[in-house]
Amino acid sequence: MPVRPGIVLVNPSRPCTDGQLRLFTENGWQLVEAPPSVRSGAAPARDVSNWISMNILMLDERTAVVEAAEAPMIALMRSLGCEVIPCPFDHVYAFGGGLHCCTADIRREGTLQSYFPSLDAAPRVDGT
């Protein structure tokens, strides 16, 4: 889960395989292990694990909306320099999604930027 350019949350219980993090490490991103959820026991829905605590919503590079009960995630985000907006959202989990899953960008401001310089030098699929 990208936090902002240069920082990505990773799940220590479900490590990426087959070089999936290479894009981040080759471009100097910091890999930060997410803390375990405060939840234990059965997952809230068939398609939802207790790692849904990683399902945060970044409003901008420094503002994170985090499930209000997830004190360890709130502390981690604050340690990364984020302002945290705690939001009670766990009743939605039973429907199969967290904060990030239940939102969609409808408008963005700013310019197009590449956060992966190694891709800028790579040939594109169209050969250019």
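Restricting the search to segment 17-61, which residues are more than 26 Å from Phe95 (Cα to Cα) and either surrounded by 15 or more Cβ atoms within 10 Å (Cβ to Cβ) or of a type in the set (A, V, I, L, M, F, W, C) (or both)?
Residues satisfying the conditions are Leu21, Leu23, Phe24, Asn27, Trp29, Leu31, Val32.
I'm trying to understand the selection: among the residues of segment 102-124, which are at pLDDT below 75, of a type in the set (A, V, I, L, M, F, W, C) and open to solvent by 80 Å² or more (accessible area, probe 1.4 Å)?
If the condition is that a residue be at pLDDT below 75, of a type in the set (A, V, I, L, M, F, W, C) and open to solvent by 80 Å² or more (accessible area, probe 1.4 Å), then Ala104, Ile106, Ala121 are the ones that fit.
For segment 62-86, enumerate the residues that are surrounded by 17 or more Cβ atoms within 10 Å (Cβ to Cβ) and touching a strand residue (DSSP E or B) at 6+ places or on another chain (Cβ under 6 Å).
If the condition is that a residue be surrounded by 17 or more Cβ atoms within 10 Å (Cβ to Cβ) and touching a strand residue (DSSP E or B) at 6+ places or on another chain (Cβ under 6 Å), then Ala64, Val65, Val66, Met73, Ile74, Met77, Cys82, Val84 are the ones that fit.
Just wondering, is there one or more residues in segment 31-48 that are in contact with a Cys (Cβ under 7 Å, 6 or more places away or on another chain) and under 19 Å from Pro12 (Cβ atoms)?
No: segment 31-48 contains no residue that is in contact with a Cys (Cβ under 7 Å, 6 or more places away or on another chain) and under 19 Å from Pro12 (Cβ atoms).
Of all residues in segment 30-59, which are within 16 Å of Met77 (Cα to Cα) and among the hydrophobic types (A, V, I, L, M, F, W, C)?
The answer is Leu31, Val32, Ala34, Val38, Trp51, Ile52, Met54, Ile56, Leu57, Met58, Leu59.
Check Phe89 against each of (1) surrounded by 15 or more Cβ atoms within 10 Å (Cβ to Cβ); (2) at pLDDT 90 or above and name the one condition it does not meet.
Every condition holds for Phe89 apart from (2).
Among the candidates Asp60, Asp90, single out the residue that is within 26 Å of Phe116 (Cβ to Cβ) and of a type in the set (Asp, Glu).
Asp60
The values are calculated or read from the model by the stated rules, or taken from the named source; none is laboratory data. All of these numbers come straight from a predicted model, not from anything done at the bench. Here the Cβ is made from the backbone with ideal geometry for all residues, glycine too, and neighbour counts use every protein chain on show. With ligands, DNA and RNA removed, areas are computed over all heavy atoms of the protein, side chains included. Shrake-Rupley method; radii C 1.70, N 1.55, O 1.52, S 1.80 Å.
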